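Reading through the structure tokens given below for one structure.
Read the figures in this text as sums done on the coordinates, not as results from a lab. If you're wondering where the values come from, they're calculated on a predicted model, not measured in any experiment. Every residue, glycine among them, receives a Cβ derived from its backbone with ideal geometry; neighbour counts consider all protein chains shown.
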């Protein structure tokens, strides 16, 4: 199987032909608002700033901000990185001493929405998720179909695929990532090398999830699964799948897939056989990932506050996803077209490199 990202190679969870349509005719058609894990307390040595930006990556905006305020990069806190192809809002944290200087900050396409003090610096991953409001054009009369698909996804869950933003323009990151893992790449930047290798992990995960969908195992658990509780995040080995199936059907727990690395053991039993099949499809084995730490990722997530608003030329879809999930996975289920394989809006993965060039070439999470 090719290591180039291809939506058509991944099974969908909803039936039907989809609404079709066009995304992001203007930046305002794709809005991403960060949902923080907590709000600033109002007291403390750090200044939390909520900004809205259009046409800039988070990294580009932060470079200009730190230059104007005279702040060191390491003193700035951010929970997630947002790409340029959308209107996005997010919190950052700054040393409290720059509060007066912030009044003079000016940058086209960026505005400060609010500020507040807090006792701790904001750290990567300190967010609950993201709220997406997406205008789909060239889909007149399709709002009812969109609402039906979104309702189904709200009930059964969204396939937690890594979207095309993870694999860069042309979907080629994983091919270079495999060369990095095999010691054949000429890429020197350690941040870029790290992100490229995550693309290989992500490709295998997508293959594993697609197999589950093809075989009717999306909302099911099988022996050997490492399942995760949606409320607490606790992970446990599934030994008796029948005994756990009720919780899976109620959306309380879901299977996880392996992001291979030295700290994560492969799955066993029936789940292990499925995982080995996904690896073999790319002619890979777990030992190629020894340079990576590894992790586990939910195979499905549940969106919140789903809403479809009819528009004259299509509809607007609104929903909230937990951090690390891709809005493209939701939109692909609704529209049934190759979503965002050439344009890259959204939220950059937490382990992505922080340069503008890297975000444009390597993509972001949406």
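Listed from fewest to most Cβ neighbours within 10 Å, the set 145, 338 follows the order 338, 145. Between 0 and 90 degrees, the angle of helix 143-156 with respect to the longest Cα principal axis of the chain falls at about 70 degrees.
Note: relative contact order over the chain, using C-alpha pairs below 8 Å and six or more positions apart, is 26 percent. Across the stretch 1-144, the mean sequence separation of Cα contacts (distance under 8 Å, 6 or more residues apart), normalised by length, yields a relative contact order of 41 percent. Once the C-beta distance of residue 318 and residue 97 is scaled by a Förster radius of 41 Å, the resulting FRET efficiency is 0.60 to the nearest 0.05. Counting beta carbons within 10 Å around each of 250, 137 and listing the fewest first gives the order 250, 137. When peptides 2-11, 45-54 are sorted by average Cβ neighbour count within 10 Å, with the highest value leading, the order is 45-54, 2-11. The fewest-to-most ranking of 124, 61 by surrounding Cβ atoms within 10 Å reads 124, 61. Estimated from the Cβ-Cβ distance and a Förster radius of 45 angstrom, the FRET efficiency linking residue 187 and residue 120 is about 0.80. Secondary-structure-derived ellipticity at 222 nm for the chain, considering helices only, amounts to -8500 deg cm²/dmol, per-run term -39500 (n - 2.57) for DSSP H runs with n ≥ 4.
Computed extension gain for residue 283 through residue 151, at 0.36 nm per residue and net of the alpha carbon distance, reaches 43.8 nm. When all alpha carbon pairs of the chain are counted in 20 Å bins from zero, the resulting P(r) reads 29, 57, 14, 0 %.
Remark: spin-label model distance residue 304-residue 128 equals 0.4 nm, labels positioned 7 Å along the Cα→Cβ axis. Distance from the C-alpha centroid of the stretch 28-80 to that of the stretch 267-339: 27 Å, rounded to the whole angstrom. Taking every C-alpha pair closer than 8 Å and separated by at least 6 residues, the mean separation divided by the residue count of the stretch 165-207 gives a relative contact order of 44 percent. Computed from the C-beta positions of residue 6 and residue 247, the FRET efficiency with R₀ = 30 Å rounds to 0.35.
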